[in-house]
1. Which Rg and Dmax, in Å, describe the Cα atoms of region 63-172?
2. Label-point separation (nm) for His118 and Glu86, each offset 7 Å from Cα along Cα-to-Cβ?
Amino acid sequence: MKNAAGFKEHPLFLIALLLACTIFFASCGDNTTSNSSPIPPASNTQASAITAIGAQVTCLTVNAPSLVKLADGNYQVADEIGNCGENNAGPLTLGIQVHTQATKQSMNLLGPATIAAHGKALYRTFAGQAGGANKEIQFPSPSPSSAIVTVVVTINGTVQGEWDGQVTIPAP
């Protein structure tokens, strides 16, 4: 820039002009409209809206899961997922991890592949045996009083919602 006409006579002017243009163009990208979903009120649920550039907004509310004691002594996880968006959400895949001091188990929750706009759906772990293997959640005896549970909701491999926290294990 030293060879540019006027730089030697007015270097501060050019620097100030460059700074002013940078600030002006940075403010041009800021507008009052947004494609993201509104922030939900604070509660025991977590909602996440993740939007890829050019993609429609997906807004899922992942509620706290519950453990249900089954007749055979094992447990099933149930979780309700809400679609707070304006469009159907899917295809959904729900994975869970259940941690206690002695065990760590991972599996998928079963339920509908799609949740209608402003709809809700219940997802559960498999109850019973499949392919000769027990697909229920098992805890060592005596059962701990709680477990750390993580629920991750994905659409086409992209995380759309998550819940992570402590869940009470029903007494035997």
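What follows is calculated from the coordinates using simple rules that are stated; it is not laboratory data. Quantities reported herein were computed from a predicted structural model and do not represent experimental measurements. No Cβ is skipped: glycine too gets one built from the backbone with ideal geometry, and neighbour counts run over all protein chains shown.
1. According to the Cα coordinates of region 63-172, Rg and Dmax are 14.4, 46 Å.
2. Placing both labels 7 Å along Cα→Cβ, they lie 1.2 nm apart.
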